[in-house]
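Peer 1: Have a look at the structure that comes next, please.
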Amino acid sequence: NNEKSVPQLLIQDLKFEKKSLAKLMFSPDQENHPSKAPVKYGELIVLGYNGSLPNGDRGRRKSRFALFKRPKANGVKPSTVHIACTPQAAKAISNKDQHSISYTLSRAQTVVVEYTHDSNTDMFQIGRSTESPIDFVVTDTVPGSQSNSDTQSVQSTISRFACRIICERSPPFTARIYAAGFDSSKNIFLGEKAAKWKTSDGQMDGLTTNGVLVMHPRNGFTEDSKPGVWREISVCGNVFSLRETRSAQQRGKMVENETNQLQDGSLIDLCGATLLWRTAEGLSRTPTVKHLEALRQEINAARPQCPVGFNTLAFPSMKRKDVVDEKQPWVYLNCGHVHGYHNWGNKEERDGKDRECPMCRSVGPYVPLWLGCEAGFYVDAGPPTHAFSPCGHVCSEKTTAYWSQIPLPHGTHTFHAACPFCAHQLAGEQGYIRLIFQGPLD
């Protein structure tokens, strides 16, 4: 047992400069003149991307999207309801210049609900379509994919006009989510097969093919957060329990005491991609990229060493987050001992995946460690002491503990926990491991 003779270092032991880090904690926008800055409602961050899309963020396709108060309100609210007896009549009613939702009940009957301008709200639309009504273009997330070419071949399950978020233009800037978005002719069209029904007050409502699921965490998005319950949101923003499978014809039960109001940390699943909603206020309490960079430099300054090669290890800069560096720390996922890359303990009969740790002889996967760079996923500003298994993304203990408990929708009827930085399904008992670094011998 040679463990005792070697100085071991848990990152908790590093004396983090609390004051200097506290200065970096807060977003730069707070220091600027808040009166001149546009009002930010919040941000949507796509799970599975560590700070940017693999081929870079471009235009409306990016890994995070900020919702700002628009110069002029573009929200809409329901007004007149028309019952049309022929599809032609329905087409005539749905005026190109006016938003409307058409519910086809049968070949003989369509209900068209017209929507009018609402000067008190702003509307933002999310979907796979690149047409102009979509503000944020979202494509299917392929776990761990390093380039967009990996993602294009998959038949997408994300709706072209997946959902819309309506934000109140006056404080407290409440944001609400609704299934389905308006297309280029300002229409939402629910065909014969879509689940739809008449509500008790005579209005119409329905669900989209693969549905829009939402989960609000309990205790907000903080170090005390606990997973909430996944629900489905209807076209009119009502809340339902989940259907048996994503596209089942039968809707779930209506949940009367819950609303479609988003809160800090709400997750939105579009069947192919999951988005995290962060309020502007929540983001102001979240570590910034500057803070994460300070933590990275702090670890590297402690000069952790490889217990086998005695070479100094260092986390590569956040910009180089896909290329394995020669100083990169590697970890044995069963025990948490951190090393530099070496060929020790590679047994051929173990098909190259499992390795034996030279420190404690436990056998398991051996992977490079990567810093989690997307600050919006962190529930606290703690030091990066833990790594997700099996991908090796490193962040604070509370952050790994939180995400390892979240069941994320996968396919049409299963759920599993995944790393927020790369979307890989978590493995092992907890889904994460505490890192044990070795300090310098001098």
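The values are calculated or read from the model by the stated rules, or taken from the named source; none is laboratory data. Because the structure is predicted, anything quoted here is derived from the model rather than measured. Ideal geometry is used to build each Cβ from the backbone, glycine not excepted, and the neighbour counts take in all protein chains shown. Keep in mind that these areas ignore ligands, DNA and RNA; they rest on the heavy atoms of the full protein, side chains included. Shrake-Rupley method; radii C 1.70, N 1.55, O 1.52, S 1.80 Å.
Peer 1: Give a residue-ordered list of calculated ³J(HN,Hα) values for the stretch 160-170 (Karplus: 6.51 cos²θ - 1.76 cosθ + 1.60, θ = phi - 60°; whole Hz; x for Gly, Pro).
Peer 2: Working through the residues one at a time gives 4, 10, 6, 7, 9, 10, 10, 10, 6, 7, 10 Hz.
Peer 1: Give a residue-ordered list of calculated ³J(HN,Hα) values for the stretch 264-270 (Karplus: 6.51 cos²θ - 1.76 cosθ + 1.60, θ = phi - 60°; whole Hz; x for Gly, Pro).
Peer 2: Result, ordered by residue: 4, x, 4, 9, 10, 10, 9 Hz.
Peer 1: Report the calculated FRET efficiency for GLN203 and SER52 (r = Cβ-Cβ distance, R0 = 51 Å), to the nearest 0.05.
Peer 2: 0.75
Peer 1: Further question on the same structure: Kindly state, to the nearest 0.05, the FRET efficiency for ARG218 paired with VAL39, given R0 = 35 Å and r defined as their beta-carbon distance. Show your work: numbers first, answer last.
Peer 2: Details: r = 28 Å, r/R0 = 0.80.
Computed FRET efficiency for ARG218 and VAL39 comes out at 0.80.
Peer 1: Given H placed 1.01 Å from N in the peptide plane, which residues other than close sequence neighbours of LEU53 have an amide H under 5 Å from its amide H?
Peer 2: SER63
Peer 1: While we're on this one: Using a Gaussian network for the chain with springs between C-alpha atoms less than 10 Å apart, which of these wobbles most: GLN249, GLN263, GLN125?
Peer 2: GLN249
Peer 1: Using the heavy atoms of the protein chains alone and a 1.4 angstrom probe, what is the accessible area of the stretch 289-437 per residue in square angstrom? Walk me through the intermediate numbers first.
Peer 2: Working: 6220 Å² over 149 residues.
Here the residues of the stretch 289-437 average 42 Å² of exposed surface.
Peer 1: Counting just the Cα atoms, what span does the stretch 289-437 cover along each of its three principal axes? Round to the nearest Å and put the largest first.
Peer 2: Computed over the stretch 289-437, the largest-to-smallest principal extents equal 44, 40, 24 Å.
Peer 1: Quick query: amide H of LEU105 versus all other amide H atoms, modeled in the peptide plane; which residues come in under 5 Å with a sequence gap of 5 or more or a different chain?
Peer 2: THR110, VAL111
Peer 1: Okay, helix-only estimate at 222 nm for the chain: each DSSP H run of n ≥ 4 adds -39500 (n - 2.57), divide by all residues, round to 500 deg cm²/dmol; what do you get? Walk me through the numbers before you get to the answer.
Peer 2: Values: 6 runs with 45 residues, N = 442.
My calculation for the chain gives -2500 deg cm²/dmol from helical runs alone.
Peer 1: Using only C-alpha atoms and all pairs of different ones, pull out the Kirkwood radius for the chain in Å with one decimal.
Peer 2: Hydrodynamic radius (Kirkwood, Cα only) of the chain equals 23.7 Å.
Peer 1: Right, something else. Please work out the C-alpha center-to-center distance from the stretch 164-218 to the stretch 251-277 and express it in whole Å.
Peer 2: Result: 11 Å between the Cα centres.
Peer 1: Based only on the alpha carbon positions, what is the Kirkwood hydrodynamic radius of the stretch 249-369, in angstrom?
Peer 2: Every distinct Cα pair counted, the radius reaches 18.4 Å.
Peer 1: Now a separate question. Using a Gaussian network model of the chain whose springs link C-alpha atoms within less than 10 Å, name the residue from LYS62, LYS96, LYS186 with the highest mean-square fluctuation.
Peer 2: Fluctuation is largest for LYS96.
Peer 1: In a GNM of the chain with a 10 Å cut-off on Cα contacts, which of VAL323, VAL39, VAL235 has the highest mean-square fluctuation?
Peer 2: Of the options given, VAL323 has the highest mean-square fluctuation.
Peer 1: Hey, can you grab everything whose amide H is under 5 Å from the amide H of HIS410? Only 5+ residues off in sequence or another chain; H modelled, so Pro and N-termini drop out.
Peer 2: PHE415, HIS416
Peer 1: Can you compute 3J(HN,Hα) from phi for each residue in the stretch 185-195, using the Karplus curve 6.51 cos²θ - 1.76 cosθ + 1.60 with θ = phi - 60°, rounded to whole Hz and x for Gly and Pro?
Peer 2: 9, 6, 10, 10, 10, 9, x, 4, 7, 5, 5
Peer 1: Step through the table entries LYS327/LYS353; LYS40/LYS198; LYS69/LYS196; LYS69/LYS186, compare each Cα-Cα distance with 29 Å, and write down the pairs that go over it.
Peer 2: In this structure, LYS40/LYS198; LYS69/LYS196 lie more than 29 Å apart at Cα.
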